[in-house]
């Protein structure tokens, strides 16, 4: 593991570095991929990307504190430490709320913005999970599989590299989303719902291999229950889009 990276004689936590790199790369890919008929200009996309970064990070922290109220008593210096926890579904919730508000202010359909933004939001999380891997957090249960990794947990056990599993899921969701968006005809909500469903389904199974999520109900963790809710939302939006909007 590599929790810190030395840059210009300064040790920078790898999680924060990858978080920033992911945000920048995703924002600029969204900037350059913007189609000519998109309702937002490229400069506005960069501004919206910065806004989504801030609200998404806030949402991830807020959701984690809601799920782990004991962390409200941590030291001020630990408030934004990755070891103290961020919940990615909080990022999604706050990002989508931001898109809803922004769409209303700009008088643009929410699904138009969500279809374009969703793959890039998922891509940014790829870099966050790379940061998790380097930091040695969010690992999985012990395994005898040949691709297991020994993390610095103190027990010397070989564990599932669940960060890498989630990276694969996120890349699949990103690539699929971009391919759907680029096809000649698509209905509003199609890119958003399918890419979101791929992530939720993959995360559901990855979550079953992690050790840091207590059981919530019916043998499922909070994240798994959230995945099922997200899958339901994705299915609803997919059906809604096909029923209300013609292929464009």
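Which one is nearest to residue 106 (Cα to Cα), of the residues in the range 35-66 that are without any contact (Cβ under 8 Å) to a residue 24 or more places away in the chain and not in a helix (DSSP H, G or I)?
41
Might you let me know whether the range 169-191 holds any residue that is in contact with a helix residue (DSSP H, G or I) (Cβ under 9 Å, 6 or more places away or on another chain), part of a helix (DSSP H, G or I), crowded, with 21+ Cβ neighbours inside 10 Å and touching a residue at least 60 places away in the same chain (Cβ under 8 Å)?
Yes, that holds for at least one residue.
In the range 99-112, is there at least one residue being under 17 Å from the mean Cα position of the chain (by Cα), in a helix (DSSP H, G or I) and over 21 Å from residue 29 (Cα atoms)? Outline the logic, then answer.
The initial filter retains those residues of the range 99-112 that are under 17 Å from the mean Cα position of the chain (by Cα), namely 99.
Imposing the further condition that a residue be in a helix (DSSP H, G or I) reduces the set to 99.
Then keep just the ones that are over 21 Å from residue 29 (Cα atoms); that gives none.
The answer is no; no qualifying residue exists.
With the condition kept exactly as written, say whether any residue in the range 85-98 is modelled with pLDDT of 85 or more, out of contact with any helix residue (DSSP H, G or I) (no Cβ under 6 Å at 6 or more places or on another chain) and surrounded by 20 or more Cβ atoms within 10 Å (Cβ to Cβ).
yes
Only one of (1) surrounded by 15 or more Cβ atoms within 10 Å (Cβ to Cβ); (2) in a helix (DSSP H, G or I) is not met by residue 205, so which one is it?
(1)
The values are calculated or read from the model by the stated rules, or taken from the named source; none is laboratory data. Note that the structure is a prediction, hence the values are computed from the model and not measured. Cβ atoms come from the backbone with ideal geometry, glycine included; neighbour counts cover every protein chain shown.
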